[in-house]
1. Among the listed pairs LYS61/LYS200; LYS61/LYS213; LYS176/LYS200; LYS56/LYS219, which are separated by more than 28 Å between their Cα atoms?
2. Let me have the relative contact order for the range 106-211, percent, based on Cα pairs under 8 Å that are six or more residues apart.
3. Which whole-number percentage describes the relative contact order of the chain, with Cα contacts under 8 Å and a sequence gap of 6 or more?
4. Leaving out ligands, DNA and RNA but keeping every protein chain, what accessible area does ASP196 have, in Å² rounded to the nearest 10, with a 1.4 Å probe?
5. So with the 1.4 Å probe, I'd like the accessible area per residue for the chain, rounded to whole Å².
6. With axes computed from alpha carbons, what is the tilt in degrees of helix 2-14 against the longest principal axis of the chain, rounded to the nearest 10 within 0 to 90?
7. Rounding to the nearest 20 debye, state how big the charge dipole of the chain is about its Cα centre with +1 on each Lys and Arg Cβ and -1 on each Asp and Glu Cβ.
8. Report, to the nearest whole %, how much of the accessible area of the range 38-86 belongs to carbon and sulfur atoms, 1.4 Å probe, protein only.
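The values are calculated or read from the model by the stated rules, or taken from the named source; none is laboratory data. Computed from a prediction, not measured in an experiment: that's the story for all the values here. All Cβ positions, glycine included, derive from the backbone under ideal geometry; neighbour counts span all protein chains shown. Keep in mind that these areas ignore ligands, DNA and RNA; they rest on the heavy atoms of the full protein, side chains included. Shrake-Rupley method; radii C 1.70, N 1.55, O 1.52, S 1.80 Å.
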Amino acid sequence: MHRFLKEYLFCSVIALRIIGIDEAGRGSVFGPLVIAGVSIDSSYDLKGLGVKDSKKLSPEKRETIFAELKAVNGIEMVIKELKPSLIDKYVINGKKHMKLNFLEAKFMALIINSLPGELVIVDAADTSERLFASQISFFLKRSVIMISSHHADDIYPAVSAASIVAKVTRDSRIAKIRVLYGNIGSGYPSDPLTRDFIRKNLDSINRLPFVRKSWKTLKRVL
């Protein structure tokens, strides 16, 4: 971890812009996987806005900070939503985490390719930080300095900002699903409301567009 911190401190001095990337909804059985990228000048004080890992903020605080980030002149964002149908396409008949890592790496690269920034920091989805960085690099169309780190959303403010953007975006999508289909809970397998929704809709669950049909959690309940 100290290696990454030293590299970050060095690069933040020489880099004009930093791109932070994180996702929300990776383990959910319902709704999209949202990947967000935030490009910002390295001198900007994100902590002054109250930016921190989205999991450490209330929903109301996340929404407030998200609105403030959008209002800052010079901050650029790109958001990619991976629908359940796309996730299922990559996961079915394969090893889930390997397939999902590949999909995340591909879309993170798309975000990097479309945002300005010399230093890129991503929250590593793979157990190997180095391997995940190489997977992303395979799809890149330009040269960048990349830091791939576990818990990056808790260490690097730019990634914390991206985690907020991703989380707020995903929460809004889940809210729209609730309006149409009732209380589905958070969409995560650990949520009793989510498991209860699956049990109550056994006959139709595989036809609902917001369900990730390739998830083992769904298969166990069914």
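1. Cα-Cα > 28 Å for LYS61/LYS200; LYS61/LYS213; LYS56/LYS219; rest within.
2. Numbers: 96 pairs, mean separation 20.2, N = 106.
Reported relative contact order: 19 percent.
3. 30 percent
4. Accessible surface of ASP196 is approximately 60 Å².
5. With the other protein chains kept in place, the chain gives 50 Å² per residue.
6. Compared with the principal axis, the helix lies near 60 degrees.
7. So the dipole magnitude of the chain works out to roughly 1060 debye.
8. Solvent-exposed carbon and sulfur of the range 38-86 make up 48 percent of the total.
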